[in-house]
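Please read the structure below before turning to the comments.
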Amino acid sequence: MSQQIPVADFVDNLMVLWEETLGIPAKPEETTWYLDRNAGWAASLAGVSAAAASRPIVAGGTSIAAQTAHAAYYLERFEAIVADRREPSDWPASFRPAEVDEEAWTRSKERLFAAAERVGRLLRGNPHWEREHLGGAMANLVHLAYHLGAVRQMLRVAKG
């Protein structure tokens, strides 16, 4: 016998993980689903200079700036799908810019967090969870977590 969970319970749990992955708002004193406290995008990118964000840690690899641009792009693609705007994707270009100056780095981080806030509002306010939207919401969370992990590993290598 299958049992459905209330949509509100699903959304509440999704948003706990969403906010923790982004690190907004920061919750260093509370329990966490991640192993590290305050380990989301916001805390991970805080204090990273444009020079550090532009430097790949291995030859031919991506940079933190590229990972950040790609994460923002993926969120924006989901927004377009929810709004029923079917636009062609350019995945290789989504990892650009890979090198940034301080101004471009600030804009890139702002782009990521603005897109995440907009998508978060879509997720919180979605009264009708269609199959595609449910899959997209989970894919966005997993995708953000995956690239967050890549960024955190890049930071560890960069710091020695």
Just the number, please: carbon plus sulfur as a percent of the accessible area of the range 12-160, 1.4 Å probe, no ligands or DNA/RNA counted.
56
Out of 63, 49, 89, any idea which swings most in a Gaussian network model of the chain, alpha carbons joined below 10 Å?
89
Degrees, to the nearest 10: 102-124 long Cα axis against longest axis of the chain:
10
Going through the range 60-160, which GluC sites (Glu not before Pro) have at most 10 other Cβ atoms within 10 Å and a DSSP loop state?
130
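If you place +1 on the Cβ of every Lys and Arg and -1 on the Cβ of every Asp and Glu, how big does the dipole about the Cα centre of the chain come out, in debye to the nearest 20? Spell out each step's value before the answer.
Values: 17 positive and 20 negative charges, 68 e Å.
For the chain, the charge dipole is close to 320 debye.
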Backbone HN-Hα couplings from phi across the range 139-154 [Karplus 6.51/-1.76/1.60, Hz, Gly and Pro as x]:
4, 5, 5, 5, 5, 4, 5, 4, 6, 4, x, 4, 4, 5, 5, 4
Apply 1/(1 + (r/R0)^6) to the Cβ-Cβ distance of residue 7 and residue 84, taking R0 = 22 Å, and write down the FRET efficiency to the nearest 0.05.
0.60
Out of 13, 140, 126, a Gaussian network model of the chain with alpha-carbon springs under 10 Å gives the largest mean-square fluctuation to 13
Heavy-atom surface of the chain, accessible at 1.4 Å and reported per residue (Å²):
60
May I ask you to list the residues of the range 90-108 whose amide nitrogen lies under 18 Å from a point 7 Å from Cα along the Cα→beta-carbon direction of residue 139?
90-95
Crossing angle, helix 7-22 versus the chain [Cα axis fit, 0-90 degrees, rounded to tens]:
10
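Pairs of alpha-carbon atoms within less than 8 angstrom and 6+ residues apart define the contacts here; what relative contact order does the chain have, in percent? Walk me through the intermediate numbers first.
On the way: 150 pairs, mean separation 43.6, N = 160.
Relative contact order, the chain: 27 percent.
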Computed over the Cα atoms of the chain, the Rg and Dmax in Å are 16.4, 57
Choose one answer from 16, 119, 58: the residue with the largest mean-square fluctuation in a GNM of the chain with alpha-carbon springs under 10 Å.
58
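The values are calculated or read from the model by the stated rules, or taken from the named source; none is laboratory data. These figures come from a predicted structure and were not determined experimentally. Cβ coordinates were reconstructed from backbone atoms using ideal geometry, including for glycine residues, and neighbour counts include every protein chain displayed. Heavy atoms of the whole protein, side chains included, go into the accessibility calculation; ligands, DNA and RNA do not. Shrake-Rupley method; radii C 1.70, N 1.55, O 1.52, S 1.80 Å.
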